[in-house]
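The structure under discussion appears below in the form of structure tokens.
No value in this document is a laboratory result; all are computed from the given coordinates. In this text, all values refer to a predicted model and were calculated from it rather than measured experimentally. Because the Cβ atoms are built from the backbone with ideal geometry, glycine has one as well, and the counts that use them run over all protein chains shown.
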């Protein structure tokens, strides 16, 4: 990505030099930098509010309750993971935190879930079906409270920053369905079946 951005900047400078618009490019760069700082400062208050509300929900046990409600679904999504394996609990907490916009809480639980899933993996260089499924779910997680988007809209001066909630829920639900269907279909292909690593005993 660094090379991509460097290439874009280089092309912009070269194009501006050939077209004689270097002063305009320089002015636009400084204006954009100033606007970014203004947006970031305005975002602090909105993000602090929503993340604070979500933290209260977490401390009140809402994340844990959501995680318990999701356990039956995860048993279907991860048939290779034993029902009493700690990975399912970490996955449930990760997805519950993601749904509520608690990205800071979701990240450590996601890492813990991957570590627990690796305990069932017979190879260290190949991901299991369960690990791929979890990665797909984590990347396309349903957002019930898109705190980041709401904060950005509020900082940008939106009259109704929370109106994005319904659209976000619909969009992320569709992306999650596509992700789950894709990973399940790919797991059935002969190529991926051949490379499927052997499972380890859970030791529980």
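Key figures for this structure:
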read-out	value
In the range 128-150, the residues that are without any contact (Cβ under 8 Å) to a residue 24 or more places away in the chain and within 20 Å of residue 197 (Cα to Cα)	131, 135
Any hit, the range 190-198, residues being out of contact with any strand residue (DSSP E or B) (no Cβ under 9 Å at 6 or more places or on another chain), surrounded by 12 or more Cβ atoms within 10 Å (Cβ to Cβ) and part of a loop (DSSP other than H, G, I, E, B)	yes
Which listed residue, of 87, 106, 130, is surrounded by 20 or more Cβ atoms within 10 Å (Cβ to Cβ), more than 12 Å from the chain's Cα centre (by Cα) and within 19 Å of residue 69 (Cβ to Cβ)	87
Pairs where the first residue, in the range 15-35, is at positive phi and touching a residue at least 12 places away in the same chain (Cβ under 8 Å) and the second is part of a helix (DSSP H, G or I) and surrounded by 11 or more Cβ atoms within 10 Å (Cβ to Cβ), C-beta under 6 Å, 6+ apart	none
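Quick grid of which residues meet (1) farther than 30 Å from residue 76 by Cβ; (2) within 17 Å of the chain's Cα centre (by Cα):
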residue	(1), (2)
137	no, yes
144	no, yes
147	no, yes
161	yes, no
166	no, no
